[in-house]
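Worksheet: the structure to be examined is printed underneath.
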Amino acid sequence: MGVKLLLEHANVEGIRYYDTYRRVGGYRAAEKALKMSTADVVEEVKKSGLRGRGGAGFPTGMKWSFLAKPEGVPRHLVCNADESEPGTFKDRYLMEFLPHLLIEGLLISSYALGSNHTYIYIRGEYAWIVDILNQAIAEAKNNGWLGKNILGTGFDCEIYVHRGAGAYICGEETALIESLEGKRGNPRMKPPFPAIQGLWMRPTVVNNVETLAAVVPILNMGGDEYAKIGVGKSTGTKLLSACGNINKPGVYEIDMTIPVEEFIYSDEYCGGIPKGKRLKACIPGGSSVPIVPANLLFKTAKGETRYMNYESLSDGGFATGTMMGSGGFIVLDEDQCIVRNTMTLARFYNHESCGQCSPCREGTGWMYKILKNIEYGKGKMSDIDLLWGIQKTIDGTTICPLGDAAAWPVAAAIRHFRDEFEWHINNPDESQKHNFGLAHYADPRPVPAAV
Amino acid sequence: MSDQMFKVTIDNKTIEVPPGTTILNAARMIGPEVAPPAMCYYSKLKESGGKCRTCLVEVSKGSEKDPRPMPKLVASCRTTVMDGMEVKNFTSPKVVEARKGIVEMLLINHPLDCPVCDQAGECHLQDLSYEHGTEETRYDFNRRTFEKEDLGPYVQLHMNRCILCYRCVFTANQLTGKREHGVLERGDHAEISTLLGKSLESEFIGNIIDVCPVGALTDKTFRFKNRVWFTKPVDAHRDCPTCSGKARLWMRGEEVFRVTARKDQWGEVEDWICNTCRFEKKETKDWVVEGPSEISRASVISQGHYAGNVGTEKPQVFIDKIIGKQPKLLLDIHSISDVNKKGVTLSKIDGPAHSDDFGLKNK
Ligand SMILES: Cc1cc2nc3c(=O)[nH]c(=O)nc-3n(C[C@H](O)[C@H](O)[C@H](O)COP(=O)(O)O)c2cc1C
Ligand code: SF4
Ligand code: SF4
Ligand code: FES
C-alpha cells in the first residue's frame, strides 16, 4: 500500500460532514497554520516542492511568492475546479467526498496569501457538488473556520462558489478570471500575469483543487517531510483518474515512485486490461498530452523503466515521451482505433476553442474535418502531411495553451501511429467494417513487427 | 524618465524607443520595410491586438541583460521591447513560414467573394494574403456560413467575411456610450451579433466600418454603389458640433458616394467621425474640400490616376500589375456569398454585374 495523504479518510462514513472530518483530525493543519506567520506558511509550501496539479506542474510555493502585495489592494485566491479535461475526474472526487479537505486547504492558503475573499470556480456540469461545497462552507462558518476574525487571529475569510457555464476554456486561469468577473471567457494576453493583475485587476493566485487540498497534509507533516515522499521534483502524492480499457477505473492516490506497468497491471490500481486484451497505447495525463504507444510506455527510449512521475513520463520529450498533465490516465487496448480516438479529441478541441486566435479557431476545425474524412473512409494520403502541417501552424502560435493542447494529440498520433492512418486511407471499406486499426503495437515487449 | 531609451534592433535596423513601446510600434517607427502586418491591433483602441497572430516575430535576443532568445514566436503588437532586444521579422524563415500558415487559416473559411465585396481594394486581408500568403489553399471543405443579421440602417454585416479581430467591439466600447453588439458563441462558430436583433445606431457607431479590416462591416448607404477604386478620395472638413468634422469624401464627378474617416499610413483612422458626417452629409455643399487625399502608390485606388481630372477621364479598370508583380491570388466566388444568391450565376450576367442583378437594389 502506498502512502495516502489526501484520500486517507475517504472511506470513513460521513467524512463529507464537518463533525466526522474534525473527529479524524480535520482542521488541525488550519489550527497550526493560523498560529504561524503567513511567510512561514508559504515557506512550508515552498519546502514541500509541491507542483501545481492542474496540468502545468508549476511549483506552487514559487507561484505564491510571485504574488504582488501592493499596499491597500485586496488580493484573491481562486480555486480552479473547472475540471473539464477529458479523462480527468480527480477534483470531482475530492470535492464530492472530502469537501472539508478543500475548504481547509483554501483557508490555509487564503491566510498565507492574504485573501479575504476566496473563490471556487466550479465546472457548470458539477451542479450537485455546488450544494455539497456550500453546505461544507456553511458548516465551517458555523464552527468558526470562516467569517470574521477566525480563531481570534484577526484574519477574515469568506469562500464563494461560482458555477461556470460549461466551457472547457474557462479552466485556463485567465479565462476563468474573465468568466468570474462576469465577462466572456476569453483567455487574456500575458503579461500581465494574474499574480500582478488578476481578478478585477488585483493580484490573484489561481490553483487547482488538488493543489490546494495538498496544502493540508503539507502543513500537518511539514514541508520537509512531504518532500521526502516521491522522487526528484515529483514530491508528495498525486491523484490519478484512471479510465479506458482497465478492470478498475477510478481515482487513485500514488506516491509517484511506482512504475507505469505496475500502475496498469497491479490489483491495487487499475487491475490490468479486461478480457486479457493487449495494451496498445496510453494517454497518461488527460486528453491534451501526447499519446504513447505501449512499447514506449513501460520503458523509455533509453530502455529505462518509466515511472508515474513528472520527470519520467516526460523523458524523451515529445519524440518518445509524454507528460504527467492533470493525471487523467486513459488506457487503450488493442481494439481501439487511434484514428477514431484522435478524431474524437480533435472534435473536442474544435468545440472548446474560444475563437480568439486565428490558428486555433480555424485550425482545430480543419483538423477535425480531415480526421473525420479519414475515419469514415474518405481520406487521402496527402491528408496526413496536411494534418501535420496544420498542427505545426497551431503549436506555439496561440494566446493560450489550448491551441497547443489541440495540436499535440494529433502530432503524437501521427508520429507513433502513422501506419494506422495509412491503413485507414488504403482500406476505406475495411476500416468501416471493423472499427480498429493495426494491433501490432499491442504487445509492449517484442519489437513491433512489420505488418 | 524620458532620457532613458531602449535600443532595439529589428531586421538589422536599430532604433531607440521609450520603454513600454511594443515591438510592432518600434518597427513602425523604423518603417514599413520591417513592420509586421497587423490585422487585429489598432493603436487607437485600448486592449486591441494579440488575436490574429499575423504579427508574430522571433525574438533572437531577449535583452542586453538577459540575451536568451524567446522560446516561441511572440505577438509583436503585445510584446514590449527590452533594452538591447534583437527581433527578426522578415529575416526569420520561421516567422515567414508561420505567417504563411496563419494567413492560410484566415482564408480557409473566408468566402473570397471579393468581386462582390465593397471592401475590395481597401481590404487588409487582400493585402495580407497577397504579401504573405501562398498561392493556393489546401482546404477543400465547405466554407463556414452564418445566418444573415440586420444591424440597422447604417452598418451592413457580412459575418462570413469576419476574421474576429474584435476591433469593432473595442470601438463600440470605447467610443459609444453603450455597446450593443459583441461576439456570441465560441470557437469557429463565434460570431459578431447583437442581442435580440438590436439595431446599431449610436452616434459614433459608423466608425466600426472603418476599423473593420475586411468587408464584414460595410457602409449600408454605399452598398454596391461603386467600387472604391472608381471613386476619388478627397480630404474635406465641415463644422461639426459632434466630431472633428475631418473626413474623406469618395467622389465620382461631383457626386459624393461615401464619407469615411481619414486613414494614416497603417490604415488606421486619424480622427473618428460621427454618424451625421458619415451617413448624412453626402453633398459637396456640405463640405469644404481640401484636396485629393494622399493614397499609397501601392494601393489599387491610386491606379485611377485621378489627380486633376476627376470625372473627366474614364478610370483604368484592369490592373495586370500591382507594384510590379503579377496578381497571384486565386479569387473564386463561392456560392455562399451573401449576395451571390442561388439562381444567379455571375458568369451568366451580361456585362459587369450590378446590384440590380441580385434584386438587392431597394434593400
Ligand atoms: C485550456 C485549458 C484548460 C484548463 N483547465 C483546467 C482545469 O480544468 N482545472 C485546473 O485546475 N487547471 C486547468 N488548466 C490549467 C490552469 O490554467 C492553471 O494552470 C492551473 O489552474 C494552475 O493551478 P496549479 O498551479 O495548481 O496547477 C487549464 C489550462 C488550459 C490551457
Ligand atoms: S488558443 Fe484557442 S482557446 Fe486559447 S485563446 Fe486562442 S483561440 Fe482561445
Ligand atoms: S466585424 Fe470586422 S471589425 Fe468586427 S471582429 Fe469582424 S473583422 Fe473585426
Ligand atoms: S496584430 Fe498582433 S496579433 Fe493581431
Considering each residue of the stretch A:272-288, count those that are open to solvent by 10 Å² or more (accessible area, probe 1.4 Å) and of a type outside the set (Ser, Thr, Tyr), and give that number. 6
Do we have B:Val183 as within 11 Å of chain A (Cβ to nearest Cβ), touching a Phe, Trp or Tyr at 6+ places or on another chain (Cβ under 9 Å) and of a type in the set (A, V, I, L, M) here? yes
Cβ pairs under 6 Å, 6+ apart or interchain, first in the stretch A:169-181 and within 12 Å of chain B (Cβ to nearest Cβ) and touching a residue at least 60 places away in the same chain (Cβ under 8 Å), second part of a helix (DSSP H, G or I) and more than 11 Å from ligand 2 (Cβ to nearest atom), ordered by first then second residue, are A:Cys170/A:Leu176; A:Cys170/A:Ser179
Being open to solvent by less than 40 Å² (accessible area, probe 1.4 Å), more than 16 Å from ligand 2 (Cβ to nearest atom) and at negative phi is the filter here; which residues of the stretch B:31-50 pass it? B:Val34, B:Ala35, B:Pro36, B:Pro37, B:Ala38, B:Tyr42, B:Leu45
Note: among A:Arg163, A:Arg123, just one is of a type outside the set (A, V, I, L, M), more than 14 Å from chain B (Cβ to nearest Cβ) and in contact with a Ser or Thr (Cβ under 8 Å, 6 or more places away or on another chain), namely A:Arg123
Just checking, how many residues over the stretch A:383-415 are surrounded by fewer than 22 Cβ atoms within 10 Å (Cβ to Cβ) and within 8 Å of chain B (Cβ to nearest Cβ)? 4
Of everything in the stretch B:80-98, what is within 13 Å of chain A (Cβ to nearest Cβ) and either part of a strand (DSSP E or B) or of a type in the set (Gly, Ala, Ser) (or both)? Give them in sequence order. B:Thr80, B:Ala98
When the stretch B:186-215 is examined, which residues are found to be of a type outside the set (Ser, Thr, Tyr) and within 14 Å of another protein chain (Cβ to nearest Cβ)? B:Arg186, B:Gly187, B:Asp188, B:His189, B:Ala190, B:Glu191, B:Ile192, B:Leu195, B:Pro213, B:Val214
Just one of the numbered conditions (1) away from ligand 2 (no atom under 16 Å from the Cβ); (2) surrounded by fewer than 21 Cβ atoms within 10 Å (Cβ to Cβ); (3) closer than 28 Å to B:Val95 by Cβ; (4) within 14 Å of another protein chain (Cβ to nearest Cβ) is not true of B:Arg144; which one? (1)
In the stretch A:123-154, what count of residues is obtained for those that are part of a loop (DSSP other than H, G, I, E, B) and either within 16 Å of ligand 3 (Cβ to nearest atom) or open to solvent by 20 Å² or more (accessible area, probe 1.4 Å) (or both)? 8
Report the residue count in the stretch B:37-88 for those that are under 24 Å from the mean Cα position of the chain (by Cα) and of a type in the set (Lys, Arg). 5
Filter the stretch A:329-379 down to residues that are away from every other protein chain (no Cβ under 12 Å), touching a Lys or Arg at 6+ places or on another chain (Cβ under 9 Å), touching a residue at least 60 places away in the same chain (Cβ under 8 Å) and charged (D, E, K, R), then give me how many there are. 3
Set B:Leu200, B:Leu196: member being open to solvent by less than 10 Å² (accessible area, probe 1.4 Å) and either at pLDDT below 95 or more than 20 Å from B:Met39 (Cα to Cα) (or both): B:Leu200
Using beta carbons and a limit of 6 Å, which pairs, at least six apart or on different chains, have the first residue in the stretch B:66-79 and facing chain A (nearest Cβ under 7 Å) and the second one outside any loop (DSSP other than H, G, I, E, B)? B:Leu73/B:Leu56; B:Leu73/B:Glu58; B:Leu73/B:Ala98
May I ask you to verify whether B:Ala216 is among the aliphatic types (A, V, I, L, M), crowded, with 20+ Cβ neighbours inside 10 Å and more than 15 Å from the chain's Cα centre (by Cα)? no
I'm trying to understand the selection: among the residues of the stretch A:37-62, which are among the aliphatic types (A, V, I, L, M) and at pLDDT 95 or above? A:Ala39, A:Val41, A:Val42, A:Val45, A:Leu50, A:Met62
Looking at B:Thr54, is it within 14 Å of chain A (Cβ to nearest Cβ), of a type in the set (Val, Ile, Thr) and not in a helix (DSSP H, G or I)? yes
Count of the stretch B:1-22 residues which are closer than 22 Å to B:Arg99 by Cα, in contact (Cβ under 8 Å) with a residue 24 or more places away in the chain and either within 14 Å of chain A (Cβ to nearest Cβ) or open to solvent by 40 Å² or more (accessible area, probe 1.4 Å) (or both): 2
Among the residues of the stretch A:26-48, count how many are assigned to a loop (DSSP other than H, G, I, E, B) and either over 22 Å from A:Arg92 (Cα atoms) or without any contact (Cβ under 8 Å) to a residue 24 or more places away in the chain (or both). 2
Could you list all residues from the stretch A:65-100 that are in a helix (DSSP H, G or I), out of contact with any strand residue (DSSP E or B) (no Cβ under 6 Å at 6 or more places or on another chain) and open to solvent by less than 10 Å² (accessible area, probe 1.4 Å)? A:Leu94, A:Met95, A:Pro99, A:His100
Those residues of the stretch B:51-92 which are buried (at least 24 other Cβ atoms within 10 Å of the Cβ) and of a type in the set (D, E, K, R) amount to B:Lys51, B:Arg53
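The values are calculated or read from the model by the stated rules, or taken from the named source; none is laboratory data. Treat the numbers as computed from the prediction; the structure is a model and nothing was measured. We place every Cβ from the backbone using ideal geometry, glycine too, and count neighbours over all the protein chains shown. SASA here: full protein model, heavy atoms, side chains in, ligands and nucleic acids out. Shrake-Rupley method; radii C 1.70, N 1.55, O 1.52, S 1.80 Å.
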